[in-house]
Amino acid sequence: MKPIVIIDPGHGGKDPGGGSNRHWIEKNLTLSISLYQYERFKTLGIPVAITREADVTLFPANRTRIVRESGAEYCFSNHINAGGGDGAEIIHSIYGGKGLPKQLAEGIRSTGQNVRRIFTRTLPGNPRLDFYYMNRDTGHVKTVIIEYGFADSSADDVRQLRQNWEKYAEAIVKAFCLYINHPYKKGRDNAAAEMERKEFLQLPSNAKSWRVYPLNVTPIRGNEKGFLRPAKFGGLTYKVLGNPQLHVYTIQTRDFGKVQIYAHPSTGAVLS
C-alpha cells in the first residue's frame, strides 16, 4: 500500500545539523521525533514511510528522490532551528496550500509552544521556484518543513524542546489526522511506554570507562560524579529507572548510588 505521508528526519550521518547545542545534536533529535511519528501513524492505521531510520547520511538528491518515489501525497521534514529566535516555524511550498500548514501550527500551539511564523520563500532571482530544496525538489509531494524550536533560543525553546519534544511530535500526528479526516486516538504516555519496552541498559564489554552524573545536573563533561568500568566486568547491565531527557537515563549503581548516564546508541549502549 502506498504511504499517505512520508516522514523525513532532517540531516543525519555526516551532517549533524545546525540546530544543535550542548543538550542535543539536531540529527538525533529529529530522528527521535520522526521515529515517534512513524510508529504513531502506523498504530493509527495511516500508511506511512520514512526517509531514514538510523544515523545515516542522505545527500539532498537522495533524500528528495526517496520522497518523490515513495508515492506519498504529503511529507513532513522535521528540523530544529538556529539563529536566536524563539518558537516553531512552518515552511510550505509556494505551490502548496495554507490549510495543512495552518492545521499543523495550531497543533503545535495547543501544546503551549508558540509559532513564530508560517511562511514560504522563493529562490533569489527566480520567484517561480522554492528556496528550500525539500519544497522545491520533492515533485508533487506536498512537503512541509517543520522547525520545532530554536536550539540557541534566548527564551524558553531549549527547555521546552528537552521536556516536550514528544508532545510536539504527537501534536503533528493529531493535526494531520484532523486534516485528512482520519480517526484519531490518543496514544499511551510515550515515556511510560518507552520505560515498559526498554527496562535495561547494557554497557558494552569493550568500554573501559563510562561517565555517570549526579541527578538534576546537565550530563556533560566536567559534571561527572564518577566512572563505571564495563570492560572490567565484561560489560554492565542496569535497570532503567527514568528517562529525564533524550538518551539520558537514570540508573542505580553500587558505587555512586542513583545517577544519570548518557547512552546514545552511537556509544555502543543497548536498551533492551
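The values are calculated or read from the model by the stated rules, or taken from the named source; none is laboratory data. In this text, all values refer to a predicted model and were calculated from it rather than measured experimentally. Positions of Cβ are generated from backbone atoms using ideal geometry, with glycine treated the same way; all protein chains shown enter the neighbour counts.
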* To do: Would you check if there is a residue in the stretch 32-39 being within 18 Å of Ser266 (Cα to Cα), among the aliphatic types (A, V, I, L, M) and surrounded by fewer than 17 Cβ atoms within 10 Å (Cβ to Cβ)?
  => no
* Structure fact -> Checked pairs for the stretch 76-103, first on the phi > 0 side of the Ramachandran plot, second charged (D, E, K, R) and surrounded by fewer than 19 Cβ atoms within 10 Å (Cβ to Cβ), C-beta under 9 Å and 6 or more apart or across chains, list as Gly83/Asp152; Gly84/Asp152; Gly87/Arg116; Gly87/Arg117
* Asked: Among the residues of the stretch 224-245, is there at least one that is acidic (Asp, Glu), closer than 23 Å to Gly149 by Cβ and surrounded by 15 or more Cβ atoms within 10 Å (Cβ to Cβ)?
  -> no
* Only one residue in Lys208, Lys258 is not in a loop (DSSP other than H, G, I, E, B) and not acidic (Asp, Glu), so which one is that? -> Lys258
* Is the stretch 112-119 home to any residue that is in contact (Cβ under 8 Å) with a residue 60 or more places away in the chain and either assigned by TED's automatic domain parsing to the domain that holds Trp24 or small (Gly, Ala, Ser) (or both)? -> no
* Asked: Looking at Leu178, Leu215, Leu201, which one is buried (at least 16 other Cβ atoms within 10 Å of the Cβ), on the phi < 0 side of the Ramachandran plot and at pLDDT 80 or above?
  -> Leu201
* Set Thr237, Thr250: member being within 22 Å of Lys167 (Cα to Cα) and either at pLDDT 90 or above or in a loop (DSSP other than H, G, I, E, B) (or both) -> Thr250
* To do: Scan the stretch 109-159 for residues that are in a strand (DSSP E or B), under 20 Å from Gly87 (Cα atoms) and either modelled with pLDDT under 95 or over 21 Å from the mean Cα position of the chain (by Cα) (or both) and jot them down.
  => Phe119
* If you go through the stretch 69-110, how many residues are surrounded by fewer than 16 Cβ atoms within 10 Å (Cβ to Cβ) and of a type in the set (S, T, N, Q)? -> 1
